[in-house]
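A.B. asks: Take this structure, written in structure tokens, and hold onto it; I'll ask about it next.
The values are calculated or read from the model by the stated rules, or taken from the named source; none is laboratory data. Computed from a predicted structure; not experimentally measured. Cβ atoms come from the backbone with ideal geometry, glycine included; neighbour counts cover every protein chain shown.
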């Protein structure tokens with residue numbers, strides 16, 4: 001498998017358009033290789049983090065530097081190597097099925113993670129950071145902290161590419177305050193399916209800008225992003241409080257997100273068993289003494305809220321963080337004996353999931369199937385959803401985190417392609433639910449894994465009904481019913497990817513969908 005070093009100064013996708021008629025070599029995917037025998041470079045393009053679907057692309061393109069002018073995109077659409085479409089792969093950790101899969105065996109995958117120019121630069125005005133799309137959020141954090149700055153909105157896991165999370169939404173415990181990552185972008189460079197490189201923003205080529213954010217890679221490939229920054233705190237007061245009542249748990253979460261001046265981060269998780277407690281506590285620096293309660297009544301389900309308050313420690317001025325935590329916690333209704341707090345550096349807090357990753361790797365539970373299900377559930381349906389969830393899983397057998405936490409709908413830009421549940425009278429609050437299983441091959445057979453996937457489909461189908469009204473996040477959506485504004489979504493596809501070659505793994509638009517559409521283009 002040879003790789004000729006070639007490629008784009010900025011526009012990786014346009015380079016791909018050149019490839020079918022150039023002397024450049026692809027990394028080929030031998031069709032007689034199975035998923036377990038693939039080389040590291042090929043297997044990365046063949047499987048996502050979920051390790052559920054294995055699709056061998058016909059070629060993997062690893063760009064490295066720019067060369068020459070490029071032909072029209074219709075050359076790519078007629079190439080035998082591209083009849084399965086074009087997908088982009090970075091450091092993906094999506095739920096399954098992945099958005100970063102080309103349809104096997106004919107697709108092409110662009111390996112953005114192979115690029116050597118992974119950094120970015122901090123601009124002096126804004127403040128903001130210009131970063132290439134293949135840069136990791138962890139790299140941006142490390143670089144921006146050198147200037148005492150940091151992005152406002154995060155994902156829990158930082159070893160993801162900027163372009164990857166912006167193509168979905170990018171959510172974490174800061175989303176209630178600053179919105180998702182797609183609400184904190186000032187400008188993008190995007191290569192559309194027409195083969196055009198476009199610099200876009202809320203005021204320049206705004207239709208493409210909003211379409212690409214949360215657009216699942218359907219309308220263009222992000223190559224650069226300008227991210228909003230803010231002053232970074234020195235430390236964080238990290239708090240966990242436990243509950244045995246779901247209503248009190250959800251009420252207190254909604255109380256916390258109503259105090260954005262005091263609270264900077266809010267998440268929550270369900271404690272189904274001792275393992276789920278420990279898996280969610282690896283990074284927390286204080287020793288939790290909660291297992292005894294579970295042992296006394298192992299059949300009960302508990303809940304944990306975690307929130308954080310930033311400590312900027314300005315000069316010699318005494319910090320008031322402890323006072324803020326005390327005042328906030330006094331309004332809460334947690335189990336009095338089970339309240340814990342710790343002070344950690346800002347970097348360690350934002351990078352906390354790395355500790356859990358290392359723990360899972362030591363236990364052999366990282367490179368295993370992850371039958372995940374992520375949903376947005378409106379406030380009006382969250383109690384019904386909790387009942388559905390607990391009736392559909394086995395607490396004794398569940399392995400992995402089970403997240404439930406709220407965000408605010410008005411922190412999301414309605415013009416983006418990201419989908420939230422349709423709003424009701426009392427649905428300013430929307431809950432994030434992450435059912436993040438790990439399927440240990442030593443204890444979960446292929447039949448067991450299929451059963452877990454079946455349960456996920458059941459939960460998703462029932463939760464999508466009007467009495468709950470949930471929408472999937474990071475999902476496989478081959479149905480117009482998922483998008484409340486399907487006409488706008490389809491119009492963007494016709495305009496920005498008329499040949500229908502981008503992001504085929506989603507299965508949203510069948511190959512014949514745009515065959516009657518106008519496929520004119522300009523370069």
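A.B. asks: Out of the residues in segment 447-466 that are assigned to a helix (DSSP H, G or I) and free of Cβ contacts under 8 Å to residues at least 40 places away in the same chain, state the one that is farthest from residue 375 (Cα to Cα). Can you show your working first?
C.D. replies: As a first pass, look at segment 447-466 and keep what is assigned to a helix (DSSP H, G or I): 447-463.
Filter once more, keeping what is free of Cβ contacts under 8 Å to residues at least 40 places away in the same chain: 447-448, 450-451, 454, 457, 461.
Numbers: 447: 25, 448: 22, 450: 20, 451: 19, 454: 16, 457: 12, 461: 11 Å.
Filtering segment 447-466 for residues that are assigned to a helix (DSSP H, G or I) and free of Cβ contacts under 8 Å to residues at least 40 places away in the same chain, the one farthest from residue 375 (Cα to Cα) comes out as 447.
A.B. asks: Turning to a different aspect of this structure: If you take the residues in segment 205-214 that are touching a strand residue (DSSP E or B) at 6+ places or on another chain (Cβ under 8 Å) and not in a helix (DSSP H, G or I), which one is surrounded by the fewest Cβ atoms within 10 Å (Cβ to Cβ)?
C.D. replies: Of everything passing the filter in segment 205-214, 205 is surrounded by the fewest Cβ atoms within 10 Å (Cβ to Cβ).
A.B. asks: Name, by its number, the condition in (1) over 14 Å from the mean Cα position of the chain (by Cα); (2) over 21 Å from residue 283 (Cα atoms) that does not hold for residue 141.
C.D. replies: That leaves (2) as the condition not met.
A.B. asks: If I ask for residues that are surrounded by 15 or more Cβ atoms within 10 Å (Cβ to Cβ) and closer than 18 Å to residue 385 by Cα, which ones from segment 407-427 would you list?
C.D. replies: Answer for segment 407-427, where residues must be surrounded by 15 or more Cβ atoms within 10 Å (Cβ to Cβ) and closer than 18 Å to residue 385 by Cα: 407, 420, 421, 423, 427.
A.B. asks: Looking at (1) outside the structural domain of residue 381 (by TED's automatic domain parsing); (2) within 20 Å of residue 155 (Cβ to Cβ); (3) buried (at least 22 other Cβ atoms within 10 Å of the Cβ), which is the only condition residue 266 fails?
C.D. replies: Unmet for residue 266, out of (1) outside the structural domain of residue 381 (by TED's automatic domain parsing); (2) within 20 Å of residue 155 (Cβ to Cβ); (3) buried (at least 22 other Cβ atoms within 10 Å of the Cβ): (1).
A.B. asks: Among 373, 388, 436, which is the only one that is over 30 Å from residue 202 (Cα atoms) and more than 23 Å from the chain's Cα centre (by Cα)?
C.D. replies: None of the others qualify; the one that does is 388.
A.B. asks: Do we have any residue at all in segment 386-396 that's in contact with a strand residue (DSSP E or B) (Cβ under 7 Å, 6 or more places away or on another chain), closer than 30 Å to residue 183 by Cβ and modelled with pLDDT of 90 or more?
C.D. replies: No, that holds for no residue.
A.B. asks: Within segment 394-437, which residues are over 20 Å from residue 172 (Cβ atoms) and touching a helix residue (DSSP H, G or I) at 6+ places or on another chain (Cβ under 7 Å)?
C.D. replies: 398, 399, 415, 423, 424, 426, 427
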